[in-house]
1. Under the rule a/c < 1.5 gives rounded, and otherwise a/b versus b/c splits prolate from oblate, where does the stretch 120-220 land using the Cα gyration tensor?
2. Say each of residue 136 and residue 13 gets a label point 7 Å from the Cα, pointing the same way as Cα to Cβ; how far apart are those two points in nm?
3. On a full-extension model of 0.36 nm per residue, what is the gain between residue 38 and residue 203, subtracting their alpha-carbon distance, rounded to one decimal in nm?
4. Can you tell me the relative contact order of the stretch 120-220? Whole percent, Cα pairs under 8 Å, sequence separation 6 or more.
5. Please give the contour-minus-distance gain from residue 195 to residue 94: 0.36 nm per residue of separation, less the Cα-Cα distance, rounded to one decimal in nm.
6. Test of understanding: ordering 173, 185 by Cβ neighbours within 10 Å, fewest first, what list do you get?
7. Given 0.36 nm per residue, what is the gain on full extension from residue 182 to residue 221 after removing their alpha carbon distance, in nm?
8. Order by neighbour count: 53, 166, 24, fewest other Cβ atoms within 10 Å first, most last.
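Please treat every number below as a calculation from the coordinates, not as lab data. Remember, it's a predicted structure, so these values are computed and weren't measured experimentally. Methodologically, a virtual Cβ is constructed for each residue, glycine included, from the backbone with ideal geometry; neighbour enumeration extends over all protein chains shown.
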C-alpha cells in the first residue's frame, strides 16, 4: 500500500545482503497466498488505519503457512496500534525507519518464528572483531566493548560495508532515519567515539578513514611481519 519505491528497493537490497530472497510488490500478490513466503514486510504508506488492519487480517486469513508480518507505518494512536496487532501483525515499526534497527527487527522475527534455522548473519567476524547481532554485543580480542544503541547500529553498518565508501547522507538515513543537515556534527561525534572505543587502528587490523567531502570507509589493514 506504500509507494516509497526508493526506500523499498533499499530495504530489499539490505535483506538480500543478509541472505533473504526478496520480492517487492505494489500490491499484495495473490499467488503468495499459496505459501512459500517466510516473512512479510508491509508498508502501509498513506493507508488509513482501517485499510491497514483489513489488509493484515486478509493476509492472515489467506496465507497458508502464517508467516510473520512486520508492518511499517506512520504515527498511530494507541488504539490504532492495538488494532494492527489484533489483526495479526507480529511487529510494527514507525517511520522514519532506522535501517540498522529495521534489519535487526527482521532478524529477530525470523529467529522467533524459525528457531531451528540458524541464521548466518547472527555473528559477524572481521579480523579480531566479533559482532553478535542478536545480542547486540561487540568484542575485540574476546573482550566486550560497551557501546550505546546508536553507536552499535553505526558500527554494525560500517562492519557490514568494510572496504566500501559510505556517504554521510547514507549513514544519516540508515542510522538516524533522516538527513541531519549540513551543520550537524552528530555523525562526526559518533565516528570519533567509535574510533576510540573500538581502537580502530592498523595494529587491530581495521582503520576508519574519513574521505573529504564524501564520507567514511572502514578499511581492513594487512600488516606485513
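1. It is prolate, given that a/c is not under 1.5 and a/b is the larger ratio.
2. Each label point lies 7 Å from its Cα, and together they span 2.6 nm.
3. 55.2 nm
4. Relative contact order here is 26 percent.
5. Length difference between fully extended and current span is 33.3 nm.
6. Lowest to highest Cβ neighbour count: 185, 173.
7. Value of the extension gain: 11.0 nm.
8. Details: 53 21, 166 18, 24 11.
Ascending Cβ contact count within 10 Å gives the list 24, 166, 53.
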